[in-house]
Amino acid sequence: METTTQTAKCPFAGKGIPDIDFSDSAFIKNPFATYAAMRDEAPVHRVAFSSGQPFWLITRYEDAMLVFKDPRFTKDIKKTLPPDHKAPASPLAMSQLFSHHVLYMDPPDHTRMKQLVQKAFTPKLVDGMRSHIQDITNKLLDKHIPTGRIDIINDYALPLPISIISGLLGIPEKDQQLFRRWSNIILNIDINVTREERMQLMPEAIGGFTNYLREIFASKQANPADDLITHLVQAKEGSDKLNETELMSTVFLLFAAGYETSVNLIGNGVLALLQYPEQQQALRNDPGLINTTVDEVLRLDPPVSLASERYALEDVEMNGVTIPKGELVHICITAANRDPRRFDSPDTFDITRKDNKHFSFGQGTHYCVGSALGKLEGEIAINTLLRRIPAFSVEGGDIDALKYKNNSVMRGLEALPIVF
Ligand code: HEM
């Protein structure tokens with residue numbers, strides 16, 4: 001999306017505020033001091049991704065709240081483009097096929113689509129999934145406990161949400177890995193693939209995904225089941241309010257948003273409990289604290305570090321800085337969640353914290369559809385792990401040696417092997 005102008009200057013540029021290199025592994029591992037400096041000195045700061053794409057980074061809680069809720073910021077990039085703008089015919093632009101979903105819409109289109117999706121995620125329906133989530137969690141542990149080792153990310157945190165979201169959507173188990181591979185390429189999640197390789201893989205991923213979805217839509221139409229894809233296909237057929245691109249984009253979004261986030265919640269949670277053994281012990285003593293524990297993990301180490309794209313529809317002034325019309329803005333959830341103007345002792349991990357209105361599921365119109373599901377997965381995964389393994393430690397003993405995924409938007413470990 002190289003569409004924003006390159007002309008705006010950040011008033012803080014060159015004034016001792018560090019430029020961020022979002023691909024630097026040291027920054028990815030520990031961005032907190034840099035974000036603290038930005039919150040204090042340059043809370044609305046112009047930075048750039050390693051692709052060169054510039055954007056405004058919002059680091060204070062109060063400013064983040066404003067951007068989440070202010071209609072002067074749009075989620076729909078088309079509103080910032082000239083009417084005759086044509087998307088370039090690159091493989092990346094083809095992925096626009098999968099971007100006609102709620103996350104990139106403003107009301108009223110957003111309202112119509114979100115109502116459809118939200119029906120599947122009511123608190124009652126989500127709570128009804130408790131025993132299913134518990135079953136999968138137990139099976140994963142049954143397999144690994146006898147070996148005395150488990151990689152929390154790849155053997156535990158990853159298969160759980162993939163299985164849950166695929167089941168909800170109605171994707172057969174045999175196709176789940178394929179689905180994940182395509183969505184990783186399209187979303188640029190796979191750390192082992194270079195940009196060039198990704199460009200080569202894109203047409204295959206997009207073609208494969210599109211054909212697969214068309215087939216599954218036809219099959220659900222012929223043989224309706226009690227799953228989300230069937231409900232969405234029926235919504236399309238019933239009132240003609242959902243076109244095929246929106247249908248494809250929505251299934252893609254639900255799958256993509258529904259697993260990597262939960263993986264990072266579980267991974268970041270287990271990591272925090274290893275880093276703060278007294279908090280782990282407190283949770284072991286009182287598993288009823290799991291609810292506030294998960295919220296505290298979400299606040300301290302959010303799975304989604306940067307909220308998704310927003311664009312200024314007009315010049316917007318914040319903290320004495322003008323964000324020019326058309327420019328890209330990202331709220332830094334990681335920074336806002338540790339703003340001392342909002343939270344007491346923000347860098348402390350306190351699993352009993354009461355006042356904890358963090359931004360880890362967003363805020364306002366685009367508040368996360370799957371928040372209850374994500375939290376439930378995190379609660380069950382973490383408490384079951386503690387219940388079934390009385391003591392564990394990081395393999396090799398060096399927590400500092402753990403590596404983060406090279407991703408500027410999501411925050412999570414590549415692997416977290418523990419032994420017991
Ligand atoms: C711990 C787990 C999760 C976290 C931390 C998380 C985080 C977020 C955040 C920060 C947003 C708002 C983005 C923005 O405003 O820019 C969001 C939106 C969304 N999330 Fe989640 N999410 C999680 C789990 C899930 C799950 C399990 C699903 C569905 C299966 C899901 C589906 C969505 C959807 C559809 C949106 C877009 C809502 C809209 O645009 O109105 N999320 N999520």
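The values are calculated or read from the model by the stated rules, or taken from the named source; none is laboratory data. All of these numbers come straight from a predicted model, not from anything done at the bench. Cβ coordinates were reconstructed from backbone atoms using ideal geometry, including for glycine residues, and neighbour counts include every protein chain displayed. Just the protein is used for accessible areas: all its heavy atoms, side chains included, with ligands, DNA and RNA removed. Shrake-Rupley method; radii C 1.70, N 1.55, O 1.52, S 1.80 Å.
Computed values, structure above
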{"quantity": "Qualifying positions in region 354-382 - open to solvent by 30 Å² or more (accessible area, probe 1.4 Å), more than 11 Å from the ligand (Cβ to nearest atom) and touching a residue at least 40 places away in the same chain (Cβ under 8 Å)", "calculated": "354"}
{"quantity": "Test: residue in region 262-270 that is buried (at least 24 other Cβ atoms within 10 Å of the Cβ), within 9 Å of the ligand (Cβ to nearest atom) and over 23 Å from residue 419 (Cβ atoms)", "calculated": "yes"}
{"quantity": "When residues of region 104-119 are limited to those that are touching a residue at least 24 places away in the same chain (Cβ under 8 Å) and open to solvent by 80 Å² or more (accessible area, probe 1.4 Å), the one farthest from the ligand (Cβ to nearest atom)", "calculated": "119"}
{"quantity": "In region 40-61, the residues that are farther than 24 Å from residue 313 by Cα and assigned to a helix (DSSP H, G or I)", "calculated": "40, 41"}
{"quantity": "Of the criteria (1) within 16 Å of the ligand (Cβ to nearest atom); (2) open to solvent by less than 50 Å² (accessible area, probe 1.4 Å); (3) aromatic (Phe, Trp, Tyr), which one residue 392 fails", "calculated": "(1)"}
{"quantity": "Members of region 150-173 that are assigned to a helix (DSSP H, G or I) and either open to solvent by less than 20 Å² (accessible area, probe 1.4 Å) or modelled with pLDDT under 90 (or both)", "calculated": "152, 153, 156, 157, 160, 161, 162, 164, 165, 166, 169, 173"}
{"quantity": "Residue in region 230-245 that is within 13 Å of the ligand (Cβ to nearest atom) and closer than 24 Å to residue 164 by Cα present", "calculated": "yes"}
{"quantity": "Answer from 418, 351, 399 - the residue that is away from the ligand (no atom under 11 Å from the Cβ) and within 19 Å of residue 159 (Cα to Cα)", "calculated": "418"}
{"quantity": "Residue count for region 88-109, restricted to those that are assigned to a helix (DSSP H, G or I), aliphatic (A, V, I, L, M) and at pLDDT 85 or above", "calculated": "2"}
